[in-house]
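Have a look at the structure below, then the notes.
The values are calculated or read from the model by the stated rules, or taken from the named source; none is laboratory data. Quantities reported herein were computed from a predicted structural model and do not represent experimental measurements. Don't worry about glycine lacking a Cβ; one is built from the backbone with ideal geometry, like all the others, and counts go over all protein chains shown. Please note that ligands, DNA and RNA were not included when accessible areas were found on the heavy atoms of the full protein model with its side chains. Shrake-Rupley method; radii C 1.70, N 1.55, O 1.52, S 1.80 Å.
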Amino acid sequence: MSKLTWIEDELANLREQGLFTNIRTLSSPQGAWLEVDGRRVLNFCANNYLGLANHPQLRDAAKAAIDRMGIGPAAVRTIAGTTNLHLQLEKRLATFKGVEAALTFQSGFNANIATIPALVGKGDVIFSDQLNHASIIDGCRLSRAQIVAYAHNDTDDLRRKIAETTEYGRRIIITDGVFSMDGDIAPLPALYEVAAEHDILLMVDDAHGEGVLGKGGRGIVDHFDLHGKVDIEVGTMSKAFGVVGGIVAGRQILVDWLKQRARPFLFSSAMTIPDVAACLAAVDLLESSTELVDRLWSNARLFREGLAGLGFNTGHSQTPIVPVMLGEAPLAQQFSKRLFEEGVFAMAIGFPTVPQGKARIRVMNSAAHTPEDLETALAAFERVGKELGVV
Ligand SMILES: *Cc1c(COP(=O)(O)O)cnc(C)c1O
């Protein structure tokens, strides 16, 4: 008997329960339209909010940087040195977000598992929104601090949990900025009040807000005009920025400390040269015009209103993420499958990612969609919705 037989059993279990994830194969770049498993379909799955994943300016910047600087960083930054391009990106991101300093990581996931254990440890306490992203949860676990989950977006519950937790060293409150399953936004001004009252560090992970919320996509802190009040902003360049990479933004001393203590900074190689150059081009684009961000929001409004007009329940999203609430997981699966046959690629999400009975199609809007694309997709939703008795 093989030592790996148990994996076969587990995989069989997943398949039986309908929980096995099949990954579609793309043979086109990311964009409004994709070629998926050989079919041309309209794309409502990606976090490519601004259509930058295949933007000519980003492509050109990456190619030019490769010609000048090559590709790989060749080791971690503390050992092989860091390129001026990396430093330039960090400076530009800090300016863009209106903070003293920023530090890049290989991904948003890494930014979280880098930052949290560098700030709290054994004997400290983390107050964490119960719906926080997996990378925050893993960062919290790695820190070995006590983790106290509070009810989603519920500052009254947070206050209760703070009052109940009487033994602590350092304390930190951590929240997602935008919660990616419902598209709702953390009540950051109220969280700031709680943090300030009790002198607790405040950290927000703005992965779905970077390039989406705030003036020209400057993020959730700008959206709520809380500049200088949130201690740690984590973000990603893998979503609206259309590339890959993580960032941490805040005070200069925070960045200085992370460069000394953050393990994914010290023990994992930096972003590649073309990634960094493409991110710089993304910052250029965002700083030069709010056009893409404006189009993203107007597309999202059109699509949400269109769906609601057809009789769909679109939940309580406040962002371009639009959940189409369907109830049970098999219905959502069937809906997604029929949409795909109708030429629309939109993901079904069910338990355990969302609670039982709250299965949905999650529609990710993008500035890349044209008005015709939205009409085409709405017509497909209407056909499938009627066929399956949803509307
Ligand atoms: C997507 C996401 C991440 C991970 O970002 P990557 O750059 O893809 O690693 C982290 N946190 C939140 C809240 C996210 O939504």
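Mind counting the residues in the range 255-290 that are within 23 Å of residue 70 (Cα to Cα) and out of contact with any Cys (no Cβ under 9 Å at 6 or more places or on another chain)? Show your work before the answer.
Of all residues in the range 255-290, those within 23 Å of residue 70 (Cα to Cα) come to 264-284.
Then drop every residue that is not out of contact with any Cys (no Cβ under 9 Å at 6 or more places or on another chain), which leaves 264-270, 272-284.
Here the count works out to 20.
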Open item on the list: As an exercise: evaluate residue 316 against (1) assigned to a loop (DSSP other than H, G, I, E, B); (2) over 20 Å from the mean Cα position of the chain (by Cα) and give the number of the one condition it does not meet.
Closed with: (2)
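Do we have residue 114 as away from the ligand (no atom under 16 Å from the Cβ), closer than 26 Å to residue 196 by Cβ and at pLDDT 95 or above here?
Values: away from the ligand (no atom under 16 Å from the Cβ): no; closer than 26 Å to residue 196 by Cβ: yes; at pLDDT 95 or above: yes.
In short, no.
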Task: Output for the range 117-144, where each listed residue is open to solvent by less than 10 Å² (accessible area, probe 1.4 Å), away from the ligand (no atom under 12 Å from the Cβ) and either β-branched (Val, Ile, Thr) or touching a Ser or Thr at 6+ places or on another chain (Cβ under 7 Å) (or both) - done: 120, 125, 126, 140
Open item on the list: Whether any residue in the range 10-32 is over 30 Å from residue 299 (Cβ atoms) and of a type in the set (Asp, Glu) is what I want to check.
Closed with: yes
Open item on the list: Would you confirm whether or not the range 327-342 contains a residue that is touching a residue at least 40 places away in the same chain (Cβ under 8 Å), crowded, with 19+ Cβ neighbours inside 10 Å and small (Gly, Ala, Ser)?
Closed with: yes
- [ ] Hey, could you check the range 169-196 for residues that are buried (at least 18 other Cβ atoms within 10 Å of the Cβ) and over 22 Å from the mean Cα position of the chain (by Cα) and say which is nearest to the ligand (Cβ to nearest atom)?
- [x] 195
TODO: Please state which one of 108, 123, 139 is among the small types (Gly, Ala, Ser) and touching a helix residue (DSSP H, G or I) at 6+ places or on another chain (Cβ under 6 Å).
DONE: 139
Task: Some residue of the range 57-66 being in contact with a Ser or Thr (Cβ under 7 Å, 6 or more places away or on another chain) and surrounded by fewer than 20 Cβ atoms within 10 Å (Cβ to Cβ) - done: no
- [ ] Test residue 147 against the criterion of being within 16 Å of the ligand (Cβ to nearest atom), closer than 25 Å to residue 260 by Cβ and touching a helix residue (DSSP H, G or I) at 6+ places or on another chain (Cβ under 7 Å), and give yes or no.
- [x] no
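Does residue 256 satisfy being closer than 22 Å to residue 366 by Cα, away from the ligand (no atom under 16 Å from the Cβ) and either open to solvent by 10 Å² or more (accessible area, probe 1.4 Å) or in a helix (DSSP H, G or I) (or both)? Walk me through it before giving the result.
Numbers: closer than 22 Å to residue 366 by Cα: no; away from the ligand (no atom under 16 Å from the Cβ): yes; either open to solvent by 10 Å² or more (accessible area, probe 1.4 Å) or in a helix (DSSP H, G or I) (or both): yes.
So residue 256 fails the test.
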Open item on the list: List the helices (runs of 4 or more DSSP H) inside the range 127-236, counting only whole elements, that have at least 3 residues being without any contact (Cβ under 8 Å) to a residue 60 or more places away in the chain.
Closed with: 134-143, 155-164, 188-198
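Are any residues in the range 357-391 assigned to a loop (DSSP other than H, G, I, E, B) and in contact (Cβ under 8 Å) with a residue 24 or more places away in the chain, and if so, which ones?
Taking the range 357-391 as the starting set, the residues that turn out to be assigned to a loop (DSSP other than H, G, I, E, B) are 357-358, 365-370, 388-391.
Listed by number, the residues that qualify are 357, 358, 365, 366, 367, 368, 369, 370, 388, 390, 391.
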- [ ] Among the residues of the range 353-373, write down those that are within 23 Å of the chain's Cα centre (by Cα) and open to solvent by less than 40 Å² (accessible area, probe 1.4 Å).
- [x] 354, 359, 360, 361, 362, 363, 364, 365, 366, 367, 368, 369
- [ ] Go through the range 223-253 residue by residue and tally those that are open to solvent by 20 Å² or more (accessible area, probe 1.4 Å), within 17 Å of the chain's Cα centre (by Cα) and charged (D, E, K, R).
- [x] 1
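Can you tell which of 319, 353 is assigned by TED's automatic domain parsing to the domain that holds residue 32, among the β-branched types (Val, Ile, Thr) and touching a Gly at 6+ places or on another chain (Cβ under 9 Å)?
Numbers: 353 fails: touching a Gly at 6+ places or on another chain (Cβ under 9 Å).
On inspection, the qualifying residue turns out to be 319.
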